[in-house]
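Everything on this sheet refers to the single structure shown next.
The values are calculated or read from the model by the stated rules, or taken from the named source; none is laboratory data. It should be emphasised that the depicted structure is a prediction, and the values quoted were computed from it without experimental measurement. Positions of Cβ are generated from backbone atoms using ideal geometry, with glycine treated the same way; all protein chains shown enter the neighbour counts. Ligands, DNA and RNA are excluded from the accessible area calculation, which covers all protein heavy atoms including side chains. Shrake-Rupley method; radii C 1.70, N 1.55, O 1.52, S 1.80 Å.
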Amino acid sequence: MFLSNTSSSHDQPLDPADAATLSREEAREVERLLSFRPNHAETPLRSLPALAREFEVKSIHIKDESHRLGLGSFKALGGSYAVVRLLLEHAGNKLGRAVDISEIGTPAIREIARGLTVGCATDGNHGRSVAAGAQMVGAKAVIFVHSGVTDERVQAIARFGAEIVRVPGTYDDSVAVADKVCQDNRWIVVSDTSWPGYERIPGLVMQGYTAMLNEILRQQPEAPTHVFIQAGVGGLAAAVAGYFDVVFGKSRPKFVVVEPERAACLYQSAIAGAPIKIAHGEPTIMAMLECYEPSLVAWRILSRKADAFMMVSEEGAAVAMRRLAHPTSNDPAIVAGESGAAGLAGLWRAAKSSTARESLGLNQASRVLLINTEGATDQKRYTEIVGASPASVLA
């Protein structure tokens, strides 16, 4: 369940295109664009000293994205940001000049936006972000959801005015359908996964996440030595690993990718030494991570900058959710959804394994960073797993 990265590309420099996408200059521009959103605010970085003592590390900090931009997930940063960037470029091409974010509410730009349609496949959170971005700029959104997306998550997308298209099958099936329908209608696909010939827009989505990473760097008292990040297609994990490599260089933290046992496409790709599509099996409760083929851009980064890959069980994720909801000592209570707690589940498994601790150099001097990538995006399911409602946890 723990795999060191033995690829020949491990620790090689980032591809120049990826280094440019995840540059510090671009991260600052992301933050500037976000500042124009009326509900933009930094999310908290919470310290878990009691858990750190239990896991025999110096500190554990968790970035809590459960309230990001009112969407309940870190993905609020990626899809919405990409939609805004694409509209500015589209308007610039129409007008023959550069268009700034400050113009986005003007009649001329709103008129251009009304002729723009964006689409994507989603497990829930990315689609909500794309829909919110489209509503913000005045464009139309068509969101493709597969059979495993719950009604509550679908309704959360639809409330932003998006058209919902249901697709039988898995997330990967919905990606294929979304791409075809968007191409047939000349809509813009705003996907958080990439494939041959389609890399730039997923790169913009990843770029949007760097705003959160800049916040972490300002908030954390000392730089992390270890980072455990959950992954579906790998976009967030790659953004974190790549950006921290840009910022810290040779002193970058050890980076561990965490996936569900039932959908571990990156783990299996690491074994194969190349990105592979894995067979669809039993659904995982970590629905936002239920992906069976890596993003090519994400794999290109993670094959170089991930130090290890891990799988976690269904029960491991549930236990991590409950621990965050019902902490010991003075640790704060945190509402983490099934996928949001997966990084902690990975740290938990690694901290209890002498093999993993030795391989990663995880010890009493280690400063660990986690990200709670989502809150209770399905409140009914959250309550069933945790045994308490999100409101009662925070009370």
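So the values come out like this:
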read-out: Added length on full extension, which subtracts the Cα-Cα distance from 0.36 nm per residue, Glu152 to Gln219; value: 20.8 nm
read-out: Furthest towards positive pole of dipole, Leu324, Gly208, Thr377, structure part the chain, Cβ charges; value: Gly208
read-out: Those residues of region 354-389 whose amide nitrogen sits under 14 Å from the label point placed on Ser4, 7 Å along Cα→Cβ; value: 354-362
read-out: At R0 = 30 Å, FRET efficiency that the Cβ-Cβ distance of Ala395 and Ser313 yields, to 0.05; value: 0.50
read-out: Fully extended contour minus Cα-Cα distance, from Lys94 to His280, at 0.36 nm per residue; value: 62.6 nm
read-out: Solvent-accessible area per residue for region 1-118 (1.4 angstrom probe, square angstrom); value: 46 Å²
read-out: Cα gyration tensor shape of region 291-395, rounded if a/c is under 1.5, else prolate or oblate by comparing a/b with b/c; value: oblate
read-out: Dipole moment magnitude, nearest 20 debye, the chain about Cα centre, only Lys, Arg, Asp, Glu C-beta charged; value: 600 debye
read-out: When the convex hull of its Cα atoms is projected in every direction, mean area for the chain (nm²); value: 17.8 nm²
read-out: Dipole in debye (nearest 20) - region 195-311, about Cα centre, beta carbon charges: Lys, Arg +1; Asp, Glu -1; value: 380 debye
read-out: Region 250-287 and region 365-381: distance between their alpha carbon centers, rounded to Å; value: 18 Å
read-out: Radius of gyration and Dmax over the Cα atoms of region 136-207, both given in Å; value: 12.5, 34
read-out: DSSP beta bridge pairing in the chain, given as percent antiparallel to the nearest 5; value: 20 percent
read-out: Surface share of carbon and sulfur [accessible, 1.4 angstrom probe, percent] for the chain; value: 51 percent
read-out: Set Lys58/Lys277; Lys140/Lys254; Lys58/Lys380; Lys305/Lys352 screened for pairs whose C-alpha atoms are more than 32 Å apart; value: Lys58/Lys277; Lys140/Lys254; Lys58/Lys380
read-out: About the Cα centre, charge dipole magnitude for region 106-158 (Lys/Arg +1, Asp/Glu -1 at Cβ), debye; value: 200 debye
read-out: Volume in Å³ per residue [convex hull over Cα atoms, computed for region 169-228]; value: 122 Å³
read-out: Contact order relative to length of the chain, as percent, for alpha carbon pairs under 8 angstrom and 6 or more apart; value: 23 percent
read-out: Accessible area expressed per residue, region 257-329, with surrounding protein chains retained (probe 1.4 Å, Å²); value: 32 Å²
read-out: Selection from Ala121, Ala231, Ala17, by position along the positive dipole direction of the chain (Cβ); value: Ala17
read-out: Spin-label model distance (nm) - Gln183 vs Ser35, 7 Å beyond Cα toward Cβ; value: 4.1 nm
read-out: Those residues of region 166-209 whose amide nitrogen sits under 20 Å from the label point placed on Arg114, 7 Å along Cα→Cβ; value: 187-188
